[in-house]
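Novice: Sending over a structure as structure tokens; questions will come in a sec.
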Amino acid sequence: MRLVDLQYCIQYKKVINNNAADALSRCEWPNSVNAISECIPSWIQRLLEGYSYDETAQKHLTELAVTLENQQGYSLKNGVIRFKGCVWVGNNPGTTAYFDSTP
């Protein structure tokens, strides 16, 4: 799995040297979830924004809201339209320009 648009460094710390993690692992937490965060790559955000300006995308989204896959090969997964398993960009000039300018 590739983490797009993220810069990170993974470092291992022994429990002896990482008191904060050791203390957190020993805390009793309630069974409820306090917060949920999600990382969405910028290109997916632009793609989803581009769908709102594309009449064809709006047509596909309306159809795929009822059934997640149609007979023409279009499907919907996490808000992203796919055609035969590949991401469908649509006809929005801003979205296609973003993909053309990305190295």
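Residue by residue, here is whether (1) modelled with pLDDT under 85; (2) in contact with a helix residue (DSSP H, G or I) (Cβ under 6 Å, 6 or more places away or on another chain) holds:
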{"position": "I10", "(1), (2)": "yes, no"}
{"position": "N19", "(1), (2)": "yes, no"}
{"position": "V33", "(1), (2)": "yes, no"}
{"position": "C39", "(1), (2)": "yes, no"}
{"position": "D54", "(1), (2)": "no, no"}
{"position": "E63", "(1), (2)": "no, no"}
{"position": "G79", "(1), (2)": "no, yes"}
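Novice: With respect to L68, is the statement that it is in contact with a strand residue (DSSP E or B) (Cβ under 9 Å, 6 or more places away or on another chain), at pLDDT 90 or above, surrounded by fewer than 18 Cβ atoms within 10 Å (Cβ to Cβ) and on the phi < 0 side of the Ramachandran plot true?
Specialist: Values: in contact with a strand residue (DSSP E or B) (Cβ under 9 Å, 6 or more places away or on another chain): yes; at pLDDT 90 or above: no; surrounded by fewer than 18 Cβ atoms within 10 Å (Cβ to Cβ): yes; on the phi < 0 side of the Ramachandran plot: yes.
Criteria not met by L68.
The values are calculated or read from the model by the stated rules, or taken from the named source; none is laboratory data. Being a predicted model, the structure only gives us computed values, none of them experimental. As a convention, Cβ positions derive from the backbone with ideal geometry for all residues, glycine included, and neighbour counts pool all protein chains shown.
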